[in-house]
1. Which numbered condition in (1) free of Cβ contacts under 8 Å to residues at least 60 places away in the same chain; (2) under 23 Å from the mean Cα position of the chain (by Cα) is the only one that residue 179 fails?
2. Give the residue, chosen from 233, 183, 198, that is aromatic (Phe, Trp, Tyr), open to solvent by 40 Å² or more (accessible area, probe 1.4 Å) and in contact with a helix residue (DSSP H, G or I) (Cβ under 8 Å, 6 or more places away or on another chain).
3. Residues that are touching a Ser or Thr at 6+ places or on another chain (Cβ under 8 Å) and within 19 Å of residue 61 (Cβ to Cβ), at least 2 per element: which strands (runs of 3 or more DSSP E) completely within region 183-235 meet that?
4. Quick one: would you say residue 171 is surrounded by 12 or more Cβ atoms within 10 Å (Cβ to Cβ) and farther than 22 Å from residue 65 by Cα?
5. Just one of 70, 82 is open to solvent by less than 40 Å² (accessible area, probe 1.4 Å), at positive phi and in contact with a Lys or Arg (Cβ under 8 Å, 6 or more places away or on another chain); which is it?
6. Among the residues of region 131-142, are any crowded, with 19+ Cβ neighbours inside 10 Å, within 18 Å of the chain's Cα centre (by Cα) and β-branched (Val, Ile, Thr)?
7. For region 71-95, enumerate the residues that are at pLDDT below 85 and within 21 Å of residue 42 (Cβ to Cβ).
8. Please specify each residue of region 236-249 satisfying the condition of being open to solvent by 40 Å² or more (accessible area, probe 1.4 Å), over 16 Å from residue 74 (Cα atoms) and not in a loop (DSSP other than H, G, I, E, B).
Amino acid sequence: MTAAFRLLALFGMLALSSCDKTTPYLPTQTRTVSVAYLKSLCHGEYYPIREELAIEGRVISSNLFEESRSTLILEDASGGISVMTMLHDIPAEYPFGTRMRLCCNGLMLRNFGGKIRLTATPRSSDDDRITASDLKCRSSLTPDNQKPSPRELSFTELSPRDIDTYVKFRQCRFTDRGRWCDYDAEHGCFLTTERQIYDCAGNIFRIRISGNTVYADSPLPQGTCSLWGVIDYFNGNYTLRLTDFGADD
């Protein structure tokens, strides 16, 4: 166990010992900040949140088609953030477009390949997801019948501000033919797959499709299409993760 992880585990025990689950998070006790401000607090590998801070935004990860399993993405006017959870049935509890307030004291910001994510304090070196019960305790929801609209961008306009936000690319073409995901015959499953797309100016971009998606075996669009989803980032590379089967001709 590394020294850094021992410190994280100690913080986790302190956070749990000071948390009275019978006491609700009250708005008068909590300061609401923007997603961008919250992410700015993490200057290193991780940042334990020890203040009564909350963020508010809209859920932009529908997961109806298993496109980003167990990851809930929240976006406000300043940007977006991935909330790493142990909840698999996100659409039932946190529907696409729902307005959500999330209290963050006792959680942790972690830098994963240059992308700041919101997690629980790690229980082990590879277990940092927020439990379903803790997420429910920390959140309040306001249903919204208005479906979120993606911002239209080009491949060359992307910046760190766009990470974990809902965007749309128009007039795209795939460089590949075939299915959305590659199939692993040896193990009998579809693989998480990256596909290249290009725009009318010839700029190249990548989209990443989870092998768990229900449309993994469906054919890729032929000809010009529009694609929408959430911008992902890892080690200097941007990709698009589709949301709500985000493609049309």
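The values are calculated or read from the model by the stated rules, or taken from the named source; none is laboratory data. All of these numbers come straight from a predicted model, not from anything done at the bench. Glycine also receives a Cβ, built like all others from the backbone with ideal geometry; neighbour counts cover every protein chain displayed. Note: areas computed on protein heavy atoms with side chains; ligands, DNA, RNA excluded. Shrake-Rupley method; radii C 1.70, N 1.55, O 1.52, S 1.80 Å.
1. Every condition holds for residue 179 apart from (2).
2. Numbers: 183 fails: in contact with a helix residue (DSSP H, G or I) (Cβ under 8 Å, 6 or more places away or on another chain); 198 fails: in contact with a helix residue (DSSP H, G or I) (Cβ under 8 Å, 6 or more places away or on another chain).
The unique qualifying residue is 233.
3. Numbers: elements: 193-198, 204-209, 225-234.
Those strands (runs of 3 or more DSSP E) span 204-209, 225-234.
4. Details: surrounded by 12 or more Cβ atoms within 10 Å (Cβ to Cβ): yes; farther than 22 Å from residue 65 by Cα: yes.
Considered against the rule, which asks whether it is surrounded by 12 or more Cβ atoms within 10 Å (Cβ to Cβ) and farther than 22 Å from residue 65 by Cα, residue 171 comes out as yes.
5. Working: 82 fails: at positive phi.
Selected residue: 70, the only one of 70, 82 that is open to solvent by less than 40 Å² (accessible area, probe 1.4 Å), at positive phi and in contact with a Lys or Arg (Cβ under 8 Å, 6 or more places away or on another chain).
6. No - not one qualifying residue is present in region 131-142.
7. Within region 71-95, no residue meets the criteria.
8. Filtering region 236-249 down to residues open to solvent by 40 Å² or more (accessible area, probe 1.4 Å) leaves 236-238, 241, 245, 248-249.
If we keep only those that are over 16 Å from residue 74 (Cα atoms) as well, we get 236-238, 245, 248-249.
Of everything in region 236-249, those that are open to solvent by 40 Å² or more (accessible area, probe 1.4 Å), over 16 Å from residue 74 (Cα atoms) and not in a loop (DSSP other than H, G, I, E, B) turn out to be 237, 238, 245, 248.
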